[in-house]
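For reference, the structure is listed below as structure tokens.
The values are calculated or read from the model by the stated rules, or taken from the named source; none is laboratory data. Please read all numbers here as calculations on a predicted model, not as lab measurements. No Cβ is skipped: glycine too gets one built from the backbone with ideal geometry, and neighbour counts run over all protein chains shown.
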């Protein structure tokens with residue numbers, strides 16, 4: 001059984017570009033947001049990141065950016081996250097389902 005030290009060291013060695021759903025455009029967004037490590041990402045709020053990106057760029061970003069942020073932060077917080085929760089469209093479906101209930 002892995003210890004918390006093992007999980008912690010996985011977070012330290014994993015790179016942002018290794019996260020599922022994170023491509024070159026998202027890496028540029030992380031740079032704009034001054035997020036440079038998985039550890040830093042794990043401490044971030046996806047909604048706050050989305051709002052900050054809109055402010056920094058001066059334009060409303062596609063809401064799917066929020067879904068990618070949620071997928072990336074979830075992976076950063078849990079290196080053993082189930083594969084279906086690592087993809088942005090999982091978070092998109094959740095967002096749309098919450099909106100439909102409101």
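Key figures
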| read-out | value |
| --- | --- |
| Residue match in the stretch 15-36 (condition: within 20 Å of residue 99 (Cβ to Cβ), over 14 Å from the mean Cα position of the chain (by Cα), at pLDDT 95 or above and in a helix (DSSP H, G or I)) | no |
| Selected residue (only one of 61, 70 is surrounded by 12 or more Cβ atoms within 10 Å (Cβ to Cβ), outside any helix (DSSP H, G or I) and either modelled with pLDDT of 95 or more or in contact with a helix residue (DSSP H, G or I) (Cβ under 6 Å, 6 or more places away or on another chain) (or both)) | 61 |
| Members of the stretch 37-58 that are more than 9 Å from the chain's Cα centre (by Cα), surrounded by fewer than 13 Cβ atoms within 10 Å (Cβ to Cβ) and outside any helix (DSSP H, G or I) | 43, 58 |
